[in-house]
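S.K.: I am attaching a structure below and will ask some questions about it afterwards.
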Amino acid sequence: AGKIVMDGSPAEVFRQGATLERLGLDVPFAVRLADMLCEEGIELSDRSLSEKDLMRELERLTRTTEKVGKWESGKVGALPSPPPPRIPSPPRRAGMGEGRDGKICSEDVSYFYHKGLPMERKALSEVTVPIGDGEFVALIGPTGSGKSTLVQHFNALLKPSEGRVLLDGSDLWCEKMDLEKVHGKVGLVFQFPEFQLFEESVAKDVAFGPENLGWPAHRVEEAVEKALTAVGLDAEQFGPRSPMALSDGEKRRVAIAGILAMEPEVLVLDEPTSGLDPKGARQIVSLLKTLHREGRTIVLISHDMDLVAEIAEKVIVLNRGRLWAIGTPESVWGSLTESEDIGLEAPRTIRFFGALSARGWPLNGGVPMTMKALSQEIVGAFRKIEKCGDCELLIHSHRQEAKDVKCLHR
Ligand code: ADP
């Protein structure tokens, strides 16, 4: 509110995590992880601000003598046993929503912009992706990899140049398909949707979609109230207000409500948290989690790999218009080096886990998708490390046979 609330070195400021959170801000990854470890009883002497500092501090705690060769730094990035991330054709696995049984399926979809013209550009090449009913799917890939082009096929904004898209098992472009209904069934929230708010009141803006679907006035009214409530805005309070006079986070929620009001079975969102402050982003994430819990199919385009790891059940990776990988977040990020090939970094939990693993930490090997899981891995590893009372060497209780551990006292 225009006043200075904190002032100090980064370490001093970020030590006040609770206050920052109250202000709607966030602290760096390493600080949050260090806080969690401290809560678990690991006595970190200093608050590290970066992952590198935290790693150094963890190593300091577990190394009392320079003789412990196995704690030398290893190649950051390698994971214990990487499952193959590259899956040329979608895995046939129960619950992944494959083929006709899924909610949406693109089958060998190719798409050309400006087909037949000199500036023709192929944006998708034979993309087959199944999206199961009620699934939470993240669509990731570098800029220009075809994500937006693909999702515009899901609600028939674009027609495949080759291949087909099925919704509930029916070809979207077959003659009997009512495309108006498809637009209602699959709601698409574009990037920065708040730029598209244009009505004089929030209620009118949210009503725009359902009115276009030809719903009677009473149904539209009900839908508007329900949609605003779903996004956490009180309909009576916010309905009459001008969308332009809202905060960025509120505007974004109104824009999402405008799509939700059409009661779509599938909600596709392009970078819904981008440009929001941490508090606004948290509210959107919690909204998506709730909608998913209530049974909605969600497709999320995101560059925030930490968010994807936390929230998605299935990850689809596109690269240069092709399907590059598909599977659970664990399987897709099983190998860091390959995912970095196409310019995508793995979530920070996985990178930190990989770095620990490369340094010989006795981890269980389950790739952690959340910070909580990562902190538990670290705490578990601490419990497995013992110090020999005679020579002070550190020994992993389950790895005493390792050849670089020279302790002869056990
Ligand atoms: P992403 O969403 O992954 O950033 P897009 O689907 O927007 O990727 O773009 C895929 C490819 O199609 C890119 O090479 C992009 O330049 C091209 N493209 C996207 N929209 C158009 C358009 N309207 N006209 C011509 N080419 C386009």
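S.K.: Which chymotrypsin sites (Phe, Trp or Tyr not before Pro) from region 188-268 combine a DSSP loop assignment with at most 16 other Cβ atoms within 10 Å? Walk me through the intermediate numbers first.
M.R.: Values: sites: 190, 195, 198, 208, 238; in loops: 190, 198.
Those that pass, being in a loop and sparsely packed, are 198.
S.K.: Treating the beta-carbon of each Lys and Arg as +1 and of each Asp and Glu as -1, no other charges, what is the dipole magnitude of region 138-225 about its Cα centre, to the nearest 20 debye?
M.R.: Around 440 debye, computed over region 138-225.
S.K.: Provide, as a two-decimal number, the C-alpha radius of gyration of region 247-351 over 2.2 N^0.38 Å, N being how many residues it has.
M.R.: Working: Rg = 14.7 Å, N = 105, 2.2 N^0.38 = 12.9 Å.
Taking the Cα Rg and dividing by 2.2 N^0.38 Å, one obtains 1.14.
S.K.: Treat each spin label as a single point 7 Å out from the Cα along the C-beta direction, and report the residue 173 to residue 330 distance in nm.
M.R.: 3.9
S.K.: Here's another thing I want to ask about it. Within region 1-35, report the trypsin sites (Lys or Arg not before Pro) that DSSP leaves as loop and that have at most 12 other Cβ atoms within 10 Å.
M.R.: Those that pass, being in a loop and sparsely packed, are 3.
S.K.: Right, next: With every protein chain left in place and a probe of 1.4 Å, what is the accessible surface of residue 248, to the nearest 10 Å²?
M.R.: Its accessible surface works out to 90 Å², give or take rounding.
S.K.: Accessible area of residue 200, 1.4 Å probe, to the nearest 10 Å²?
M.R.: 130
S.K.: Over all Cα pairs of region 1-60, how is the pair count split among 5 Å bins, expressed in % and running from 0 up to the last occupied bin?
M.R.: P(r) for region 1-60, in whole percents per bin: 4, 18, 28, 24, 13, 8, 4, 1, 0.
S.K.: A follow-up question, please. Using a 1.4 Å probe, how large is the accessible area of residue 57, given in Å² and rounded to the nearest 10?
M.R.: 20
S.K.: May I ask you to compute the full-extension gain from residue 117 to residue 218, defined as 0.36 nm times their residue separation minus their alpha-carbon distance, rounded to one decimal in nm? Could you put the intermediate results ahead of the total?
M.R.: Values: separation 101, 0.36 × 101 = 36.36 nm, distance 4.76 nm.
Extra length available between residue 117 and residue 218 comes to 31.6 nm.
The values are calculated or read from the model by the stated rules, or taken from the named source; none is laboratory data. It should be emphasised that the depicted structure is a prediction, and the values quoted were computed from it without experimental measurement. Methodologically, a virtual Cβ is constructed for each residue, glycine included, from the backbone with ideal geometry; neighbour enumeration extends over all protein chains shown. Please note that ligands, DNA and RNA were not included when accessible areas were found on the heavy atoms of the full protein model with its side chains. Shrake-Rupley method; radii C 1.70, N 1.55, O 1.52, S 1.80 Å.
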